[in-house]
1. Roughly speaking, what is the stretch gain from ASP4 to GLU184, that is 0.36 nm per residue apart minus the C-alpha to C-alpha distance, in nm to one decimal?
2. Could you give the accessible area per residue of the chain, probe 1.4 Å, as a whole number in Å²?
3. In nm, what is the difference between 0.36 nm times the number of residues separating LYS158 and GLU107 and their Cα-Cα distance?
4. In terms of solvent-accessible area of protein heavy atoms at a 1.4 angstrom probe, what is the ranking of HIS177, HIS167, highest value first?
5. Take region 120-185, drop everything but the C-alpha atoms, weight them equally and run the Debye formula without solvent; then report log10 I(q)/I(0) at 0.21, 0.27 Å⁻¹ to two decimals.
6. For the chain, what is one quarter of the convex hull surface built on the Cα atoms, given in nm²?
7. First compute the accessible area of region 40-185 with a 1.4 Å probe, then give the percent of it belonging to carbon and sulfur atoms.
8. Each residue of region 45-56 in order: what ³J(HN,Hα) in whole Hz does its phi give by Karplus 6.51 cos²θ - 1.76 cosθ + 1.60, θ = phi - 60°, with x for Gly and Pro?
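The values are calculated or read from the model by the stated rules, or taken from the named source; none is laboratory data. Everything numeric in this text was worked out from a predicted model, so none of it was measured. Calculation scope for accessible area: heavy atoms of the full protein, side chains included, ligands and nucleic acids excluded. Shrake-Rupley method; radii C 1.70, N 1.55, O 1.52, S 1.80 Å.
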Amino acid sequence: MTKDVINGMSSHMDKTIDALRKEYQKVRTGRASTSLLDEIKVDFYGTPSPLNQVATLAIPEPRTITLQPWDAKMIAPIEKAIMNANLGLTPANDGKLIRLNLPPLTEERRKDIVKQLKKFAEDAKVAVRNIRRDAIDDLKKLEKEKKISEDDLKRAEKDVQDVTNAHVTRIDEVLLHKEKEVMEV
């Protein structure tokens, strides 16, 4: 019974780390990444569609993203959607292709981004601690209902803490990796 609680807690914590990684993909680093455009929706003949469903995205150079719409009439709506997304990118088109040039990040901007990354990591740690608290509450209920002994409760609480510590360490590793990527010139 305690294993079920711990396994459930662990899978919730894994999802928290996955959510953190997804959040980090949206953060702009010094390099071009098509994941910057994942959240942008384009009005495709009346239907809001993701950019990658109306154009081919490519990264020909480290600081350039190109978008080649499948329909030439989509260039103006794509440019409008990118401008409305407030990414700080200005699209330039040649009639067939849209280019997004990412300006190099200043040292000050990099430090601001790292602060933002640390805030995301701290939010993930808080979520992990909340999951731990819920798991311990579940274990205490099991003990109160006499489904597990007091010794089992103590062992399970130690296991819960070990799993929590492992997940907090993984969050720190994810943060460190992304921080290195952002600070790289």
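1. Result: 60.6 nm gained on full extension.
2. Details: 11210 Å² over 185 residues.
Per-residue accessible area for the chain comes out at 61 Å².
3. Using 0.36 nm per residue and subtracting the Cα-Cα distance, I get 14.1 nm.
4. On the way: HIS177 125, HIS167 10 Å².
Result of the area sort, largest leading: HIS177, HIS167.
5. -0.83, -1.07
6. 13.2
7. Numbers: 4670 of 9070 Å².
It is 51 percent, rounded to a whole number.
8. For region 45-56, the Karplus curve yields 6, x, 10, x, 10, x, 3, 5, 9, 10, 8, 8 Hz.
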